[in-house]
Each structure stands twice: as C-alpha cells, then as structure tokens.
Amino acid sequence: MTHSQSNEYRKLLDYGRPPNVKKCFPNSQALIVSGKYIDRALLAKGGCMTIAANGRNAFVIKGTLAAAQRANAAVIIEIARSEGGTGAYCATNYWNIARQTDAYMNEMGITIPVAIHADHFGIKKPEDVEPAKTEIRSIFDAGITSIAIDASHMPDDQNLLANIELNPYVPEWAGLETEVGEIKGKLGLSTPEEALFLIQGLNAHSIFPDWIALNNGTTHGIEQSDAGINVDLTAQIHEALAPYGISGAQHGTSGNSSDRLRQIAMKTKTTKANVATALQMISWGVKVNDYGNAIMDESGSFIKERGKGVSRGTWEKMCAFAAANEWQKGNFKKLNLPFENTLTAQDAPIRERMIKDVENFVFTLLTDVFNATGTADLVKQQIFETQSHMPGPKAEKIEQKEEWTREKIIEKASRITADKGPQGNFED
C-alpha cells in the first residue's frame, strides 16, 4: 500500500466505521461497516449477491476473509442466535464474533469492507420480547453492525408487533433483516400477502429493513433432496415488495446447486446469501459436492477426505463423541463447542489447510456463482460519497401509521389466508 493509498484508507476507516466499532477497536485497521453498505453495493452492481458466512469456527472466518480479499468482494460474517447466543453450540458467539473478525482482519491485512451480522435473533413467543431488549443492546456494545430480528416462528400479527417493539434497540445506522415464514423446506411457503403485511406494517412505523428472508422452499443444514429454493416464488415476492425498497436474504444456501444460486442472484433482488453448514463441513474435511452439500457413504455416515480438514485422529475423536451423544448428520454441528480447543491445538499445517479449503470454496462462490467481484470497491466509493458510517435511505414512508395500530394489525392479520405448514421447533 502506497503512502497516498494509506491516507485514503485511513479516511475510509474514519468515515465508514460505526461508533460502536470505533469504541470497541479504537486502534484497528479493519474496515468493519454497517450491513446497509454491503446491501447497497450489491444493489449498485446488480445481478449479484454476497456471502453471509456463519463463522462457527476461526477457520471459517479466516478462510472467508481471505477469499473476499482475493475476490475484492464485500462480505458479511455472521452467527445465528442458536449457534452463538446464550444457549450456543459454537464457541464463536454474538459477543466475540466482531472481536475475532477484527483481530483476523488486522492479522491478515484484510482491507475489504466487512459487516458483522447477528443472524436469526429468534423471538419464538411474546415473552421473548422483553429480555431481548437488553440482549440486543449488549451485542451492539460488542461490535455487531447488522441484525436479523426473526419472529417468524409466531403468527403474522405477533411477528410484526415484535419487530416494531424491538426496533428502538437497533441503531438507526445498523443493517436490519426481518423474516416471514419459518424455513421448513417445501412446506408452508411464504406468500406475497404475508410478506406485504409485514413490510407495509413496518413501513407505517418508519422501519425500513434492508433484507427480508422468506420460506421459499429451502432448508437449513444438510439437504435431503434437490427440492431447494423456489426461484420464481422468490422473484414474485420481491417484485410485490419493490415499492418498499427491500432486498432478499437467502437462508439455507448450503446444498442448493450452483445453477440455482446463480438464478437467485440474477432473477431476484437477493443480495445476502447465508452459508453455514457447507463451510463447517469443508473446514473439517468432510467430502462435499461442488456446492457444499455433504456426501454420505452407504451407511449414512460422513466421508472424511484424506489430506483435508482436521487430522484423522481429531476426526475419529469427533465421531466417537458424536456417537456417544447419539448425534447424527445435522446434529454434528453440536461438535463445534466441545471441540473448539481441540481444533485450535492441531499442528499449523492442519490449521492452514482447513483455512485454505474454506477460502477456495468461498472464492469460487463469490466469483463464479454469486457475481460479487468488485463490490468491495463499490462500498468504499459509497463511503467516500457519504463521508459517514450511515448510507443514505433506500426506502421512504408510504404507509399511514394510523392504519397500523395494534388493533388494526391484529384485525388485518386475521384476514390473511396462508398455509403455515406443520407445527414444530424448526431450528435456525
């Protein structure tokens, strides 16, 4: 980096880093920004989306950052409440993910813009709302720059009301995601009516989310079939929401074919694609297909690839621990927390190949599938234009607040006809 570039980069840090990031990391050279900037850059390029990588371990975070730097792509590092909340199954959590990412960016010389996202901040019943107010404040105190308020587990009126009540605890400058419809695969698919109800009600209260996540046919974890994302339904809902300036967040990306993901990037208004399970499996050295879905052997067990991921001895310990706890397939994710120190204690060549395999996979996604190349420069350009950590507005208020009182919200929701699918605890 030349002297003039250094001066320019210092201005980016001064303008673009939000106040909580500056407070947490006052001497940092990492360009951690609001999730809003990432969304805006993807929209500016068009026909593209970027990865929101669930950093279940350090190897995933480092590999994603290295790939993004190579691709000159703006990216999101995230963790969900189930993965990293108060009942976490990962050592990475809401309160240390920004600190980890900041440290790795400084260590690795990463200069592309990165947002830190609290994904799936789940509100599963009305009683969850009050304690969430304190927790949301705490995670922004820890350096988070974007959040998904996910009350989709509740009926439509309660989902909207929870989003409205929690919004004052999310900084105005922060990236904001909302969700309609739990992720249940092909069951209980979201409808334009449901999505419009949520976004119109938020708009009436001057709340303008950057992203909406839908139940559009995919699942979290390991795909059991090739049903996958319903691209046409997604495009239809995004078109219905066009007056409200909202982008799409695609959940359950792992396991969907590269061709389907290219269609999502090109044919819908999706700018954020969550990838979790694939990156975990790749870091461990589990055999996956070209788009990251784990391949099973004839007995239904994962296939550990020789010379990739964790050492053979570590893998055997992980499998034995899973068997003792009767964890199979998707429940292997619970190995993250008890094996965090074991993974970190491996020899350097093992750790480095874990990072490199993630890097190569994410680089291919960013460049060949998501079309995100060059979006890092677009974020930087926008920061120079605004000279602020807060990008300009993407939407405006077009609904009337008096039409969206609590009573009217409940009455409007009672008229929505939609198949919500089966009941159950569909995990994030």
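The values are calculated or read from the model by the stated rules, or taken from the named source; none is laboratory data. Source: prediction; values computed, not measured. Note that each Cβ is placed from the backbone with ideal geometry, even for glycine, and that neighbours are counted across all protein chains shown.
When the residues of segment 274-289 are filtered to those that are of a type in the set (A, V, I, L, M) and assigned to a strand (DSSP E or B), which remaining residue is nearest to Ile61 (Cα to Cα)? Going through the qualifying residues, I end up with Val275.
Within segment 266-323, how many residues turn out to be under 23 Å from the mean Cα position of the chain (by Cα) and not polar (S, T, N, Q)? Count: 19. Among the residues of segment 351-371, just one is over 20 Å from the mean Cα position of the chain (by Cα) and loosely packed, with under 15 Cβ neighbours inside 10 Å, namely Glu352.
Just one of the numbered conditions (1) in contact with a Phe, Trp or Tyr (Cβ under 8 Å, 6 or more places away or on another chain); (2) at pLDDT below 95 is not true of Met390: (2).
Every residue, every condition in (1) hydrophobic (A, V, I, L, M, F, W, C); (2) in contact with a Leu (Cβ under 7 Å, 6 or more places away or on another chain); (3) more than 30 Å from Pro393 (Cα to Cα); (4) in contact (Cβ under 8 Å) with a residue 40 or more places away in the chain, yes or no:
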position	(1), (2), (3), (4)
Leu261	yes, no, no, yes
Lys272	no, no, no, yes
Leu279	yes, no, yes, yes
Ile282	yes, no, yes, yes
Asp297	no, no, yes, no
Ala322	yes, yes, yes, no
Glu326	no, no, yes, no
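Candidates are the residues of segment 189-227 that are at positive phi and under 18 Å from the mean Cα position of the chain (by Cα); the one that is modelled with the lowest pLDDT is Gly221. When Lys124 is tested against (1) touching an Asp or Glu at 6+ places or on another chain (Cβ under 7 Å); (2) part of a loop (DSSP other than H, G, I, E, B); (3) of a type in the set (D, E, K, R), exactly one condition is not met: (1).
Is it the case that some residue within segment 328-338 is aliphatic (A, V, I, L, M) and outside any loop (DSSP other than H, G, I, E, B)?
Among the residues of segment 328-338, at least one is aliphatic (A, V, I, L, M) and outside any loop (DSSP other than H, G, I, E, B), which makes the answer yes.
Got a sec? Which helices (runs of 4 or more DSSP H) wholly within segment 1-98 have at least 2 residues that are over 21 Å from Thr271 (Cα atoms) and of a type in the set (S, T, N, Q)? Steps first, answer last, please.
Details: elements: 3-16, 19-24, 35-45, 58-71, 81-84.
By residue number, 3-16.
Within segment 242-262, the set of residues being over 15 Å from Gly292 (Cβ atoms) and either in contact with an Asp or Glu (Cβ under 6 Å, 6 or more places away or on another chain) or at pLDDT below 95 (or both) comprises Ser247, Ala249.
So that you can scan it fast, the table gives a plain yes or no per residue for (1) surrounded by fewer than 20 Cβ atoms within 10 Å (Cβ to Cβ); (2) touching a strand residue (DSSP E or B) at 6+ places or on another chain (Cβ under 9 Å); (3) over 22 Å from Pro209 (Cβ atoms):
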{"residue": "Ser82", "(1), (2), (3)": "yes, yes, no"}
{"residue": "Gly87", "(1), (2), (3)": "yes, no, yes"}
{"residue": "Ala103", "(1), (2), (3)": "yes, no, yes"}
{"residue": "Ile112", "(1), (2), (3)": "no, yes, yes"}
{"residue": "Ser138", "(1), (2), (3)": "yes, no, no"}
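Hey, among Val358, Val379, Val310, which residue is in a helix (DSSP H, G or I), in contact with a Ser or Thr (Cβ under 9 Å, 6 or more places away or on another chain) and of a type in the set (A, V, I, L, M)? Selected residue: Val358, the only one of Val358, Val379, Val310 that is in a helix (DSSP H, G or I), in contact with a Ser or Thr (Cβ under 9 Å, 6 or more places away or on another chain) and of a type in the set (A, V, I, L, M).
Yes/no per residue for (1) outside any loop (DSSP other than H, G, I, E, B); (2) of a type in the set (Asp, Glu):
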| residue | (1), (2) |
| --- | --- |
| Glu194 | yes, yes |
| Thr234 | yes, no |
| Lys272 | yes, no |
| Ser299 | no, no |
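From the list Ser34, Ser4, Ser28, which residue is at pLDDT 95 or above, over 23 Å from Leu366 (Cα atoms) and either touching a Pro at 6+ places or on another chain (Cβ under 7 Å) or among the small types (Gly, Ala, Ser) (or both)?
Working: Ser34 fails: over 23 Å from Leu366 (Cα atoms); Ser4 fails: at pLDDT 95 or above.
Exactly one residue qualifies, and that residue is Ser28.
Mind checking which residues of segment 375-397 are surrounded by 16 or more Cβ atoms within 10 Å (Cβ to Cβ) and of a type outside the set (A, V, I, L, M)? Thr375, Asp377, Lys380, Gln382, His389, Pro391, Lys394 - these are the residues of segment 375-397 that are surrounded by 16 or more Cβ atoms within 10 Å (Cβ to Cβ) and of a type outside the set (A, V, I, L, M).
For segment 236-259, a residue qualifies if it is surrounded by fewer than 24 Cβ atoms within 10 Å (Cβ to Cβ), assigned to a helix (DSSP H, G or I) and touching a residue at least 40 places away in the same chain (Cβ under 8 Å), and the qualifying residues are Gln236, Ala240, Pro243, Tyr244, Ser258. Within segment 286-318, the set of residues being in contact with a helix residue (DSSP H, G or I) (Cβ under 7 Å, 6 or more places away or on another chain) and surrounded by fewer than 12 Cβ atoms within 10 Å (Cβ to Cβ) comprises just one member, Asp290. The C-beta contact set for segment 180-203 (first residue aromatic (Phe, Trp, Tyr), second residue at pLDDT 95 or above and buried (at least 23 other Cβ atoms within 10 Å of the Cβ), distance under 6 angstrom, 6+ apart or interchain) comprises Phe197/Asp156.
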